[in-house]
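Coordinate-derived values only; no laboratory data. Since this is a predicted model, take the numbers as computed values, not measurements. Because the Cβ atoms are built from the backbone with ideal geometry, glycine has one as well, and the counts that use them run over all protein chains shown.
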Amino acid sequence: MNPIAVLKRVDFKNILKVIFIGMSHPFFIVPTIRATKDCIRISADNYGRLHHENGPANAFRHALWNYLIAKRCFRIRHDKDSVLQWAEKITDWHEHVFPNTELAKTMDFHNNAVGRLVFRENPEKTESEIIELLKSMTLVSVKIDSNTKLASLKTQFIHILDQ
């Protein structure tokens, strides 16, 4: 993942927005970029290209991404609420900027939130332990459609395509 290539796909208004987000916590920028690169690598190592589709592997990637951002930023600032707010801001920005169908966007926001919840409940666990936890959660990911009520699935992965 090349951050410059990603930013070339973004309009000027949203580039400014992410710059302002970054300025709010400049020391979180490098750990966030590293977490993003590591997330893509780990997802590809475990699921190949399936993590780019809207199935359980994609749920794993989104949750892992949010978890890694929070975990890596927590090393810099030992304040769970602060790093979780940062992870939410930066991943919400991503979801709003890069187009997706409404159902896929709903799925991504949900799985992002699950990843942050996993960090909130397990900040002391190692990244390897969390990867294994997330892989086990992937096995029981729930397939949804536009009629699914997500309120009862707050701690579970969701997906829209079978793999």
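Below are the figures for this structure:
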read-out: Extension gain from LYS135 to ARG49, taking 0.36 nm per residue of separation minus the Cα-Cα distance; value: 29.4 nm
read-out: 5 angstrom amide H check on VAL142, placed H, neighbours 5+ away; value: PHE157, ILE158, HIS159
read-out: Exceeding the 24 Å Cα-Cα cut-off - candidates LYS37/LYS80; LYS8/LYS37; LYS37/LYS154; LYS80/LYS154; LYS71/LYS154; LYS8/LYS89; value: LYS37/LYS154
read-out: Farthest positive-ward along the chain dipole, Cα basis, beta-carbon charges - from SER146, ASN66, PHE157; value: ASN66
read-out: Diffusion coefficient, µm² s⁻¹, Stokes-Einstein with Kirkwood Rh over alpha-carbon pairs of the chain at 37 °C and 0.692 mPa s; value: 206
read-out: For peptides 15-27, 81-93, sequence by mean Cβ density within 10 Å, most packed first; value: 81-93, 15-27
read-out: Relative packing of peptides 127-140, 67-80 - highest average C-beta neighbours within 10 Å first; value: 67-80, 127-140
